[in-house]
Amino acid sequence: MFIEKKKWAAGLLLALAVMITAFCLAVAGIMVLFAVLSPDAVMSIEMPLLYIMPGLLYSGLSWPDFYMSDVAAAIAQIFPMRHAADSVRDILLAGYAPALVSQSLQLLLMGAGAFALGTAIFALRRRYGMKTFLEIAAGAIARKRKGARS
């Protein structure tokens with residue numbers, strides 16, 4: 001009896017570790033993207049706060065999914081807390097999470113995509129003299145217009 005409880009607890013902890021790791025990697029990737037997009041150190045702190053606060057509201061912890069409108073449910077999918085909250089709640093309440101693998105993969109892909117995008121933007125900023133991404137885009141538009149007039 002005691003051995004079975006130990007195996008169950010180890011599986012529970014492993015499932016939580018998988019979800020926590022995927023969540024941390026997703027948040028780290030998104031924060032890298034925000035850091036690269038911000039023009040200075042102050043904005044690199046302010047921009048993630050604008051992302052985190054709605055993430056808490058749309059996570060499903062405040063109110064259940066079936067009370068959300070279709071628009072709110074679609075917006076909720078871009079926040080990592082939304083994916084992690086479902087699985088962690090299922091693990092802690094039921095002892096298993098049927099969507100653990102799919103939600104962990106979604107979080108890992110979200111984090112990897114944000115990190116890859118942040119790395120690409122950082123490479124552009126380095127190439128063009130540490131300009132912000134918006135300055136690079138504005139410069140490209142100005143060069144395109146200048147070339148069209150010639």
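Taking the stated definitions as given, is Ile121 surrounded by 12 or more Cβ atoms within 10 Å (Cβ to Cβ), part of a loop (DSSP other than H, G, I, E, B) and among the hydrophobic types (A, V, I, L, M, F, W, C)? Quick ask: steps written out before the conclusion?
Numbers: surrounded by 12 or more Cβ atoms within 10 Å (Cβ to Cβ): yes; part of a loop (DSSP other than H, G, I, E, B): no; among the hydrophobic types (A, V, I, L, M, F, W, C): yes.
Spelling it out, it is not the case that Ile121 is surrounded by 12 or more Cβ atoms within 10 Å (Cβ to Cβ), part of a loop (DSSP other than H, G, I, E, B) and among the hydrophobic types (A, V, I, L, M, F, W, C).
Could you figure out which of (1) touching a helix residue (DSSP H, G or I) at 6+ places or on another chain (Cβ under 7 Å); (2) of a type outside the set (A, V, I, L, M); (3) at pLDDT 80 or above isn't true of Thr21?
(1)
Of the residues in the stretch 78-99, how many are over 19 Å from the mean Cα position of the chain (by Cα), modelled with pLDDT of 85 or more and part of a loop (DSSP other than H, G, I, E, B)?
The number of residues fulfilling the criteria is 2.
Restricting the stretch 33-55 to residues that are surrounded by 14 or more Cβ atoms within 10 Å (Cβ to Cβ) and hydrophobic (A, V, I, L, M, F, W, C), which is farthest from Gly118 (Cα to Cα)?
Within the stretch 33-55, the match that is farthest from Gly118 (Cα to Cα) is Ile52.
Which of (1) over 30 Å from Arg143 (Cβ atoms); (2) of a type outside the set (Val, Ile, Thr); (3) in contact (Cβ under 8 Å) with a residue 12 or more places away in the chain; (4) part of a helix (DSSP H, G or I) is the odd one out, the single condition Ala35 does not satisfy?
Status for Ala35: all satisfied but (1).
Is it the case that Ala26 is closer than 30 Å to Arg125 by Cα and either part of a loop (DSSP other than H, G, I, E, B) or at pLDDT 80 or above (or both)? Break it down stepwise before answering.
Numbers: closer than 30 Å to Arg125 by Cα: yes; either part of a loop (DSSP other than H, G, I, E, B) or at pLDDT 80 or above (or both): yes.
Yes.
Of everything in the stretch 56-77, what is surrounded by 15 or more Cβ atoms within 10 Å (Cβ to Cβ), part of a helix (DSSP H, G or I) and at pLDDT below 80? Give them in sequence order.
Residue satisfying the conditions is Leu57 alone.
The values are calculated or read from the model by the stated rules, or taken from the named source; none is laboratory data. Since the model is a prediction, treat every value here as computed from it, not as a measurement. Methodologically, a virtual Cβ is constructed for each residue, glycine included, from the backbone with ideal geometry; neighbour enumeration extends over all protein chains shown.
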